[in-house]
1. Might you let me know whether the stretch 278-287 holds any residue that is within 30 Å of His145 (Cβ to Cβ) and surrounded by 17 or more Cβ atoms within 10 Å (Cβ to Cβ)?
2. When you check Gly158 against the structure, is it under 18 Å from the mean Cα position of the chain (by Cα) and farther than 28 Å from Asp367 by Cα, yes or no?
3. Among the residues of the stretch 212-222 satisfying the criterion of being assigned to a loop (DSSP other than H, G, I, E, B), buried (at least 18 other Cβ atoms within 10 Å of the Cβ) and in contact (Cβ under 8 Å) with a residue 40 or more places away in the chain, which is farthest from the chain's Cα centre (by Cα)?
4. Looking for something surrounded by 22 or more Cβ atoms within 10 Å (Cβ to Cβ), touching a residue at least 24 places away in the same chain (Cβ under 8 Å) and among the β-branched types (Val, Ile, Thr) - is there at least one such residue anywhere in the stretch 176-185?
5. For the stretch 124-140, does any single residue satisfy the condition of being modelled with pLDDT under 90 and over 30 Å from Leu329 (Cβ atoms)?
6. Kindly establish whether Phe191 is part of a helix (DSSP H, G or I), at pLDDT 95 or above and hydrophobic (A, V, I, L, M, F, W, C).
7. For the stretch 386-421, give me each residue that is farther than 14 Å from Ser292 by Cα, touching a Ser or Thr at 6+ places or on another chain (Cβ under 9 Å) and modelled with pLDDT of 95 or more.
8. Looking at Ala45, Ala55, which one is of a type outside the set (Lys, Arg), modelled with pLDDT of 50 or more and exposed (fewer than 10 other Cβ atoms within 10 Å of the Cβ)?
Amino acid sequence: MRHLYLLLLPWFALFHFAAAAEQATERATAKEQPNIVLIISDDQAWTDYSFMGHAHIRTPNLDQLAAGSLTFTHGYVPSSLCCPSLATIITGLYPHQHGITSNDPPQRPGNLSKEQRAAEFEAGRSQMNRKLDAVATLPRILAAHGYLSLQTGKWWQGDFRHGGFTHGMTKGTRHGDDGLKIGRETMQPIFDFIQSATRQNRPFFVWYAPMMPHQPHTPPQRLLDKYLTVAPSPHVARYWAMIEWFDETVGTLLKYLSENHLRENTIVLFVADNGWITDPQTGNYAPKSKQSPYEGGIRTPVLIRWPGHIEPRRSEVPVCTIDLLPTLLSLLHLPQNSALPGVDLLSPAATRRDAIFGECFTHNAVDLNNPAASLRWRWVISGNWKLILPGPQNEPTGEPELYDLHMDSSEEHNVALQHPELVQTLTKKLNDWWPATL
C-alpha cells in the first residue's frame with residue numbers, strides 16, 4: 001500500500017495543483033470582471049436635469065456622471081409605465097415579448113367582495129411575477145459568470161428572486177416593500193452588499209431604483225425652500241426638490257465607489273423608468289407625460305460610464321432601454337443573445353438603425369396572456385418623425401398622430417393629414433415590428 005501511495009502521490013499533487021490553479025484563475029477572472037451599478041430614476045422628465053439644460057433644477061452629481069459618460073440625450077423607454085418599463089430594462093425585451101404590459105392585473109367588473117377582489121388581485125400579480133421566471137434576466141446571466149447581484153428600491157415582481165437577483169430587499173408586495181427604504185431612508189444595504197462581495201472577491205451588480213423623485217413628493221425642507229421662490233407652484237417646487245434629493249443620493253453612491261477604489265472597475269449606467277410633468281394645479285402628472293406615448297412620458301437621457309474604456313461624449317442618436325442588456329453583454333465579452341431586439345450602443349449598429357419603437361398599455365391589464373388586448377398606442381421614431389397609432393383600447397376614437405420632433409418637440413401640431421404617404425410608410429414599419437393583432 002505504501003508503494004501504491006508513493007506511486008500515486010505525484011498524481012494527487014498534480015490534481016491538487018490543478019484544482020488550486022483553477023480556483024485561482026476563477027478568483028483572478030472574477031476580480032478582473034467589472035462591477036455594474038444601474039441607477040434608475042423614477043418618474044422624471046427628460047428635461048429635468050441641469051446637464052440637460054433645466055434653468056432651475058440642480059443635479060450636480062448626475063452632471064458629473066454625465067460629464068464622464070457616453071451620454072445619449074435622446075434615450076427612450078418603450079413603455080411609460082413603471083412596471084413594464086423596469087421589466088424591459090432587466091430583460092432587454094419589449095413588454096409584448098416579456099409579457100408584463102401593465103402595472104397591475106385585470107380588475108373584473110361586478111359585485112365582488114373585498115376578499116374576492118383581493119384574492120383575484122394576488123392571483124393576477126403572481127401570474128405577472130412568474131413571467132420573469134420564464135425569460136433570461138441580467139442578474140441570471142451575470143450569476144452564471146460569478147456575479148453577485150442586489151435588488152434595491154422599486155420592484156414590482158414579488159420577491160427579488162423572480163428577477164434572478166442573489167440578494168435583495170423586496171420580499172413580495174407591489175412597488176417594493178422594504179426595498180423602498182433605499183434612498184429616502186438609507187443607503188447602507190448597498191454598502192453592506194458591496195463590502196460582502198468585495199470580501200468574497202466577487203464582481204457585483206447593484207440595482208439602485210429608489211422611488212425618487214416619484215410621489216409622495218416629500219423633500220427635505222432645506223431643498224424645498226430653494227425652489228419655492230422660482231417654481232410656478234408649490235407642487236412643482238416639491239417635485240423639483242425631490243430631484244435634487246435624488247441627485248444627492250446618487251452622489252453618496254458614487255462617492256462610496258470612489259472612496260473604496262471601485263470607480264475605475266465599475267460600469268455605471270443611468271436611466272429613468274418613465275417621464276413625468278407636474279400639473280402645477282394638482283401636483284399629479286400632466287396628460288403628455290407618464291402613461292402617454294409623448295416625449296414627456298417616454299424620453300430619458302441614458303448614461304454609460306466606465307473610466308478608461310468608454311469615451312465620455314454626448315450623442316443625439318436615438319436609443320432605447322432594450323439596448324442596455326446587449327451593450328453590457330458586449331462590454332463583458334459575453335455571448336450575445338440573437339433573440340434580443342436591442343443593439344450594442346458602442347457598435348455601429350446603433351447609428352445604422354433607422355427606427356426605434358415602443359408601446360403603451362393600460363394601467364391594469366385587460367388580458368395577461370394577450371398583450372394586444374391592453375394596448376393603447378404603438379409609436380415609432382424614424383429620423384425627425386414620430387408616428388403614434390392608437391391600439392384596441394383607444395379605437396375607434398383614436399387617430400394617427402404624426403409629429404416633426406425637430407420643429408415641434410412638444411408635439412402640439414399633428415401633421416398626419418398633411419403627410420399621408422409618410423404615415424403609410426411608418427405604419428408599415430410599426431406593423432413589421434409588431435402587428436399587435438388580437
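1. So far as the stretch 278-287 goes, no, none of its residues is within 30 Å of His145 (Cβ to Cβ) and surrounded by 17 or more Cβ atoms within 10 Å (Cβ to Cβ).
2. On the way: under 18 Å from the mean Cα position of the chain (by Cα): yes; farther than 28 Å from Asp367 by Cα: no.
No.
3. His217
4. yes
5. Of the residues in the stretch 124-140, the ones modelled with pLDDT under 90 are none.
No.
6. In short, yes.
7. Hits for the stretch 386-421 are Pro400, Tyr403.
8. Just a single option satisfies the conditions, and that option is Ala55.
The values are calculated or read from the model by the stated rules, or taken from the named source; none is laboratory data. Everything numeric in this text was worked out from a predicted model, so none of it was measured. So basically every Cβ, Gly included, is an ideal-geometry build from the backbone, and we count neighbours across all protein chains shown.
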